[in-house]
RNA sequence: UGGGGUGUAGCCAAGUGGUAAGGCAUGGGACUUUGACUCCCACAUUCGUAGGUUCGAGCCCUGCCACCCCAGCCA
């Protein structure tokens, strides 16, 4: 027993990698036992939809493990079912992978290996390990048995090798109609693992394939094609989600009987689930097809392109994945963790700009009319880099930052008779409000303290509240229109209401008037208190990028429930 | 109720026989030119459960319970 322990210690030293999850432990083991030397993984999406954050987990695992071991990761489009797949998704998938920052080694399509699959199927037939079955779909189901009862052999199970060879060739040649025949592995109809009860290997489909056109009318099943593809590419570790666990015996069976050596090892991990988030491709597709959302990249979608539009950064997503961990227990990760990761990333590098969503007019009556001065604001807290903002007698502040009478003792915002600091500018005191006949507040009239200018030595007076604001002269009046990555094009109505109520700390940052200048002619007006970030990397006058760490999840969930 | 899996805090998750890491969330405090950020502090006498082995068990053994996956010519 001691020897075993010693061996495993040595193995750890050999791999030079400290395992941080069970997958890496398996890999270390394989390395130590000399089963593999160079690690190669693969990310095998089916091109039938856009990648979502759940796929990002697989991507993260496949790529980061390969990288950790100095190996490579391939990208392979798993396109064995032309009925469900489309070229449309191929480019989108590659774009999303690149956006996350991953670079695959070899790019391939499962269909690249159709010839080999066919040959191997013939080989299996030759070994007496596969046969052509004429049973219908329904009959096959009946013959399969149930969870508790064994299945029974198909009457076609014992056809001669010659007949099977001829029939399978005929299938390929299109001599048999769809559904009339199928190639099956001859394993064990009494196996307690239903996947081993003579699983289908090939089916007839007169559908042209987005890669191979009309070359084929028979297509291999996933269970047959996948191990073959992995083996051909020299994949050492085929990482996939838990639902394939029961398929592993079949995966191994195929690899073994097709005489591959070495053979890839399949390791399963739990897929990602997020609270309040629909991760099923089926539902996501429904949302798109039924027009519940604008498209796969609608900011409310958990797709990578949706998250991207919503302002998520690749770094935040990868950090999130790393923190959520890799294990085998079914779990639902709190979406708050994802948001936290975004906030943390953005907080460190997103340029701070100011803007106002619901403008309330504010006049500084002791500030000279017509005067305007240029102030400077840090791009990041404590940053040397600053940008200019204009200040004058007429400003806008956030409607909700003002209350005639303080609603509570702990109210730090502006009220009649109260003082507050305008971020990056002066301390002001509210003298009175002006209202219309109906009693609506039209304007808040204040005085400012010229000695309190931000940054001045004598500005040391402390004031509890600080408000963001925009210069009425340079700000554009407007509707809710936000440009950029978060709510990209345009957000109708009052977007605030659509935010998750739990997201009170979710958004941060500022939008400032100069952006509006850049968009002169457009109606534009923004921002709720400290809640948005403009990501400096993507910042340009033409493209304001607003990052919000929480999307429109509430709305989103309701829509899904309606399906 | 056949097979395959999984159960550690509100949510994830380390832990590999030596006396329960870490993160998110939450509560409290400090700081603050945005009630943010940041920083401190608190947060499992107990690991689904009942027994057993052991000087010692979250880790080993046995039984039980719960949840997930498999009966596509989907992946």
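If you wrap a convex hull around the alpha carbons of the stretch A:94-164, what volume per residue comes out, as a whole number of Å³?
183
Order the peptides A:433-441, A:226-234 from the highest to the lowest mean number of other Cβ atoms within 10 Å of their residues.
Peptide ranking by packing, descending: A:226-234, A:433-441.
What per residue convex hull volume, in Å³, do the alpha-carbon atoms of the stretch A:110-216 yield?
Taking the convex hull of the Cα positions in the stretch A:110-216, it is 102 Å³ per residue.
So for A:318, A:281, A:123, A:18, fewest C-beta neighbours within 10 Å to most, what's the order?
A:18, A:123, A:281, A:318
For the stretch A:250-350, what number results from the quotient of the Cα radius of gyration and 2.2 N^0.38 Å?
1.42
From the P(r) of the stretch A:429-471, could you give the percentage of C-alpha pairs in the tail past 12 Å?
That fraction is 73 percent.
For the stretch A:301-340, would you read off the P(r) tail past 15 Å as a percentage of all alpha carbon pairs?
43
If each residue of separation counts as 0.36 nm, what is the full-extension length gain between residue A:404 and residue A:441 once their alpha-carbon separation is subtracted?
Extra length from residue A:404 to residue A:441 when fully extended: 12.4 nm.
For a quick size check, give me the Cα extents of the stretch A:377-467 along its three principal axes, largest first, whole Å.
Projected onto its principal axes, the Cα set of the stretch A:377-467 covers 47, 27, 23 Å.
Readers should treat all values here as calculations from the given coordinates under stated rules, not as data from a laboratory. For clarity, every value in this text was computed on a predicted model and none was experimentally measured. Cβ atoms come from the backbone with ideal geometry, glycine included; neighbour counts cover every protein chain shown.
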